[in-house]
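The block underneath contains the structure these notes are about, expressed in structure tokens.
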Amino acid sequence: MMTEYPDDIAALIQRREELERQLSALPYDGTTEIKDNGGRRYVYVRKKLGTKLTTTYVGLYSEELAQRVRRITAESKAIRKEIRHISHVLKRLADSKPTDGESHAKA
């Protein structure tokens, strides 16, 4: 049985799930980094997972590759920001909803 939510809460939950699907479909999530090694340049993506910092090799540097990875990582950052905002709004709505005990206590 599915839980019933007011339309605005259900829409927020649906939007957050949609954003989470979009985020999981992106090939890169983190910060673009260009490193020089042995006279060559390479593109990496850095991401913090818990307390660990991970670095993922993307490829040999080209301006096109670097720009593409920057666009993807910027998109992932924007999606994460919107997910955080929606989660914050949902928490505020949940915190402001009176419980049964509160509604009867003021009688």
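What follows is calculated from the coordinates using simple rules that are stated; it is not laboratory data. Treat the numbers as computed from the prediction; the structure is a model and nothing was measured. No Cβ is skipped: glycine too gets one built from the backbone with ideal geometry, and neighbour counts run over all protein chains shown.
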Checklist entry - Under 8 Å by Cβ, and 6 or more places apart or on different chains, what pairs join a residue from segment 44-55 that is in contact (Cβ under 8 Å) with a residue 12 or more places away in the chain and under 14 Å from A74 (Cα atoms) with one that is hydrophobic (A, V, I, L, M, F, W, C) and surrounded by 10 or more Cβ atoms within 10 Å (Cβ to Cβ)? => result V45/V58; V45/V69; R46/L53; K47/L53
Item to check | Any strands (runs of 3 or more DSSP E) falling wholly within segment 7-99 and containing at least 2 residues that are polar (S, T, N, Q) | outcome: 31-37, 52-60
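Could you list all residues from segment 31-49 that are polar (S, T, N, Q), surrounded by 14 or more Cβ atoms within 10 Å (Cβ to Cβ) and over 20 Å from I83 (Cβ atoms)?
Selection gives T32 alone.
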Next on the checklist: Within segment 21-30, does at least one residue satisfy the condition of being small (G, A, S) and surrounded by 15 or more Cβ atoms within 10 Å (Cβ to Cβ)?
Outcome noted: yes
